[in-house]
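Undergrad: There's a structure below that I have some questions on.
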Amino acid sequence: MTRRLSSFWRDRRGVSAVEFALILPVLMIFYFGMAELTEAMMAQRRLSHLTASIGDVVARDQKFTDARRDDVFSVGNVLMAPFPTATLRMCIVSIASDAAGKDVVVWSEKSNAPANCPAANAIVDIPPSVLPAGQSVIMSKASYDYDSVFKLVIPQTMTFRRTFYLRPRLSDQVARVKQ
C-alpha cells in the first residue's frame, strides 16, 4: 500500500490538468468580462454617433415637419442596431437666445419620452460659447439603458447619456412646421 501511495505521489502526469482546472475560472471571468466591457463601449459609441447624427440632420433643415421627425427618430433606431431599442430615448430641441442672452426652447420633439427633454417655452441655460446672444442652436439628446448579456462584470443596468449642440446651417433658426 505504501508503495502505491508513494508512486501516486510522485506521478506528474495530471499536473497540467490540475493547473488548468485552477486557472480556468480566472480565464473565464477575464474573457467574459472583456466581452461585456467591449459590448458596453460599442453601445456607448453607437449612442454618441446616433445623437450627433440626428442633430446634424435637423440642423441641415430649414423646416422640421412631422414626417421629418418620424424619419429622424426611425434613423436613430436603425443607428443603434444591433442593440435593442426599447430603452432608447431621443430628444431634439431648438433653442434660441434673445439679445439679452436669455435661452428659450422654441420647440421640442421627443421619442420614447426622455425625462430630461425640455418642453417648449422652457428657459434653459446654455453656455454663451455654445449659444451666443441673438442666435439659435439645435440640441440633440439621447440616452440608452444598457443591460449586459452575461451580467458577470456589469450586473446592473448602465445608462449612457449624450448631448450635442449644432448650429442651423441653412437658416438662422430651424422652424417647426406642424402638418
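No value in this document is a laboratory result; all are computed from the given coordinates. This one's a predicted model, so the numbers in the text were calculated from it and none came from an experiment. Cβ atoms come from the backbone with ideal geometry, glycine included; neighbour counts cover every protein chain shown.
Undergrad: Taking residue 124 as meeting all but one of (1) aliphatic (A, V, I, L, M); (2) in contact (Cβ under 8 Å) with a residue 24 or more places away in the chain; (3) within 30 Å of residue 37 (Cβ to Cβ), write down the number of the exception.
TA: (3)
Undergrad: Which condition does residue 67 not pass, out of (1) in contact (Cβ under 8 Å) with a residue 24 or more places away in the chain; (2) part of a helix (DSSP H, G or I); (3) within 30 Å of residue 157 (Cβ to Cβ), if it passes all the others?
TA: (3)
Undergrad: Which one of these does residue 6 not meet: (1) within 30 Å of residue 169 (Cβ to Cβ); (2) hydroxyl-bearing (Ser, Thr, Tyr); (3) without any contact (Cβ under 8 Å) to a residue 60 or more places away in the chain?
TA: (1)
Undergrad: Can I ask one more? Report, ordered by the first and then the second residue, all pairs with beta carbons closer than 7 Å, sequence separation of six or more or different chains, a first member in the stretch 83-109 that is buried (at least 22 other Cβ atoms within 10 Å of the Cβ), and a second member that is among the aromatic types (Phe, Trp, Tyr) and part of a strand (DSSP E or B).
TA: Correct list of pairs: 88/144; 94/107.
Undergrad: If you check residue 12 against the conditions, is it loosely packed, with under 14 Cβ neighbours inside 10 Å and within 30 Å of residue 95 (Cα to Cα)? Can you show your working first?
TA: Values: loosely packed, with under 14 Cβ neighbours inside 10 Å: yes; within 30 Å of residue 95 (Cα to Cα): no.
No, not satisfied.
Undergrad: Of the conditions (1) touching a residue at least 24 places away in the same chain (Cβ under 8 Å); (2) of a type outside the set (Gly, Ala, Ser); (3) more than 22 Å from residue 145 (Cα to Cα), residue 73 fails just one. Which one is it?
TA: (3)
Undergrad: Go through (1) among the hydrophobic types (A, V, I, L, M, F, W, C); (2) assigned to a helix (DSSP H, G or I); (3) surrounded by 19 or more Cβ atoms within 10 Å (Cβ to Cβ) one by one and return the number of the condition residue 138 breaks.
TA: (2)
Undergrad: Within the stretch 35-55, does at least one residue satisfy the condition of being in contact with a Phe, Trp or Tyr (Cβ under 6 Å, 6 or more places away or on another chain), without any contact (Cβ under 8 Å) to a residue 60 or more places away in the chain and surrounded by 12 or more Cβ atoms within 10 Å (Cβ to Cβ)?
TA: Taking every residue of the stretch 35-55 in turn, none turns out to be in contact with a Phe, Trp or Tyr (Cβ under 6 Å, 6 or more places away or on another chain), without any contact (Cβ under 8 Å) to a residue 60 or more places away in the chain and surrounded by 12 or more Cβ atoms within 10 Å (Cβ to Cβ).
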